[in-house]
1. Mind checking which residues of the range 78-131 are assigned to a loop (DSSP other than H, G, I, E, B) and under 19 Å from Ser293 (Cβ atoms)?
2. Going through the range 312-333 one residue at a time, which ones are buried (at least 22 other Cβ atoms within 10 Å of the Cβ) and of a type outside the set (A, V, I, L, M, F, W, C)?
3. For Ala121, all conditions in the list (1) surrounded by 14 or more Cβ atoms within 10 Å (Cβ to Cβ); (2) farther than 28 Å from Ala305 by Cβ; (3) modelled with pLDDT of 95 or more hold save one; what is the number of the exception?
4. Do we have any residue at all in the range 596-606 that's closer than 23 Å to Thr537 by Cα and without any contact (Cβ under 8 Å) to a residue 40 or more places away in the chain?
5. I need every pair where a residue in the range 441-455 that is more than 15 Å from Ala488 (Cα to Cα) has its Cβ under 8 Å from the Cβ of a residue that is in a loop (DSSP other than H, G, I, E, B), sequence separation at least 6 or different chains.
6. For the range 526-572, enumerate the residues that are among the polar types (S, T, N, Q) and touching a Gly at 6+ places or on another chain (Cβ under 7 Å).
7. What are the pairs with Cβ atoms under 6 angstrom where one residue, in the range 416-428, is under 19 Å from His449 (Cβ atoms) and the other, located anywhere, is within 16 Å of the ligand (Cβ to nearest atom) and modelled with pLDDT of 90 or more? Sequence gap at least six, or different chains.
8. Can you name the number of the only condition in (1) assigned to a loop (DSSP other than H, G, I, E, B); (2) at pLDDT below 95; (3) of a type outside the set (D, E, K, R) that Ala531 fails?
Amino acid sequence: MPSCPRSAPHHRWILRLWLPCLAAQVAALGSQLTIDASHPGVSVSPTLYGAFLEEINHAVDGGLYAELVRNRAFNEMAWPGNWTVSSQGGATLATGMDPSEHAGAQSSALKLTVTGIPANAAAGASSASIVNTGFWGVPLSDGATYTATVWAKTDGSYSGAIAMQLQSNSGTLLGSVAFPAPGSSWTRLTAPIQVANPRGQSDDNAVLVTLNANGTVWLQMVSLFPPTWKGRPNGVRPDLAEALAALRPSLLRFPGGAFVEGYDINSRWNWKITIGDVIDRPGHPGLWGYFSSDGMGLHEYLQLAEDLGATPVLAVWSGYSTDGLIVPQSELAPYVQDALDAIEYANGDPATSVWGAQRAANGHPAPFQLSYIEIGNEDELDNTLAAPDSYNAYRFPMFYDAIKHQYPYMHVIASYGENWLTTPVTSRQPDLEDEHFYEPTASLLTDSHKYDTRDRSGPQVFVGELAALDFNTTAPQEPARLNTLGGALGEAAFLIGLERNSDLVWGEAYAPLLVNVNNQAWLPDLIWFDASHVVPTPNYWVKWMFSRHRGDVVLPATADEASGLYASVTWRRSGRTIVMKVLNNAAVANAATIAVQGGLELNPVGRATILTAASRTGQNTFDSPNQVAPVESAVAGVGSSFPFTFPANSVTVLELKSKCVPPRARLAPELAAPCRAER
Ligand code: AHR
């Protein structure tokens, strides 16, 4: 036998060598897993596997939102936050915020006064710069074209150039552009910069704005964009967007979470200040400890959902913030109107609707097809506050009634928050209720049956936030070590339960989706990243496996949970395929027998996708981002009863294709029909 690797090999041909290692882990366990193909059950919700994007952990600014300059409008931090000043050749630069000047909706511009440049200075010999090192680095790639933008004005005293320079931290110029000085009106200067980076790609770089003459200049916005995903202006970072797109999310909930609530009324998510040209977005203090530029605003979130092919789920402020503020009933109407206006922005006809026309002016004449709106976030928490039950008493009803009156097609979601605090809304029947689960793996295993007995006459369920609290807090240094395979196994159990109940459960999403390794406000998280690296966690791979292997209808199946096996089995009409999702939560392999009842004639070769690791503490790190990842292989010997060994601590997707079945076979019409159609 070959020596056994600590985790699954990544190439299919090596897997054959690895299989004996799996077999070696087989203990006495030998379960029966029975599928009844003759009694198809409920349909699988087409939106079941989704995503939730919240501005937390610098998920957006310094993350998915592709802007590379931090504190670009000088409003995120007090000057000189994240900027430094440098000068050479006798130049002196005086800087400071000037509240008497501003461009767009900003409140104060940066004033720069250069002195000391000799009249006869040789070109480039004397200059002054402000320098920005981005969000923990400025990633620059050789040959790529970046978009430089600077908003500037002068008082007539400055007639030099305003240059943007891209420079390595060791001083190598990687690209630049120079704009002639504008006049005394605010002017948007913008041009492409092609980078020539001798290192190919590097993050330890800076963005400089350089002045080469004496005089006074005001700057308001210094922006640098790399090429974006799908080439969208003001768009998103391709590597992170690709990682998200690879999950094939069917829904996208945004932009929070507690980020929507804010810590007070001023830090709530007010979508109306997040649209239009970015110079007209003042930004706002965010709940998670940093300022939000709102460069990614309502329009960009809707665009992202559209680009992902995901149903947008917009969360709006509901009159409650985390400091305990609850807007009284008599003062709530303007916030209800904000929600109505958001729907109008997303869907309104530009010819007849003011907000629809605004959307068209912002580059999207067609409606965004918004049909799901969530009222607030974890609003049952108000039960503990001075005005208990305000959500049930008047806040949810006011939003619900107004939205249903004007937009009867909208699905209105009540946000209950954490599972164990739930106090249902009874004053109206919400279309859906959003329930959040942050639990240890053991609880998620139990809760995989949570919805088996839920009354189907109530609202549908949206599990808008889900994560196993199973992570290695003792791991040294490397923060990405915090997400473990063990947590991913717990989530697999829970997802298996959701899929089996997806007549009731409309959708789910992990939370939080993204974390910049330099700013972890919340642990654990699905995707870790820094300026140029992306680390998918084991939890990511479970979602990837489940979302990319969907069926249309649930098939009854019995698995031996006492031995650690949890299963959801579905039938996918296209390709006449049984799709099995099986968790083996045991620390030993399970040499199971799979029995498929119902007369299907199965192709003898199936396909397995397996996620496992040497132990439940298996992790991906920035140094080894692919240590725990799914491996695909062919499965021989498939039939109406066949053996399959589920590795210890593993999640497996098995795809079993059925051959064309003669119409006389006694199968549920659901299963036989596509086959007949092909004859
Ligand atoms: O996902 C992190 C936070 O957890 C969300 O903002 C909030 O809804 C929940 O409490």
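The values are calculated or read from the model by the stated rules, or taken from the named source; none is laboratory data. None of the values given here were measured: they were computed from a predicted structure. FYI the Cβ positions are ideal-geometry reconstructions off the backbone, even for glycines, and counts take in every protein chain you see.
1. Taking the range 78-131 as the starting set, the residues that turn out to be assigned to a loop (DSSP other than H, G, I, E, B) are 78-82, 89-91, 99-108, 116-126.
Across the range 78-131, the qualifying residues are Ala78, Trp79, Pro80, Gly81, Asn82, His102, Ala103, Gly104, Ala105, Gln106, Ser107, Ser108.
2. Pro312, Ser318, Gly319, Tyr320, Ser321
3. Single failed check for Ala121: (3).
4. Of all residues in the range 596-606, those closer than 23 Å to Thr537 by Cα come to none.
No; the residues of the range 596-606 include none that is closer than 23 Å to Thr537 by Cα and without any contact (Cβ under 8 Å) to a residue 40 or more places away in the chain.
5. Tyr451/Asn501; Tyr451/Leu504; Asp452/Asn501; Arg454/Asn501; Arg454/Leu504
6. Restricting attention to the range 526-572, the residues satisfying the condition of being among the polar types (S, T, N, Q) are 532, 537, 539, 547, 558, 563, 568, 570.
Answer for the range 526-572, where residues must be among the polar types (S, T, N, Q) and touching a Gly at 6+ places or on another chain (Cβ under 7 Å): Asn539, Thr570.
7. Here the result reads Glu418/His436; Asn419/Glu435; Asn419/Phe437, each pair linking the range 416-428 to a residue that is within 16 Å of the ligand (Cβ to nearest atom) and modelled with pLDDT of 90 or more.
8. Status for Ala531: all satisfied but (2).
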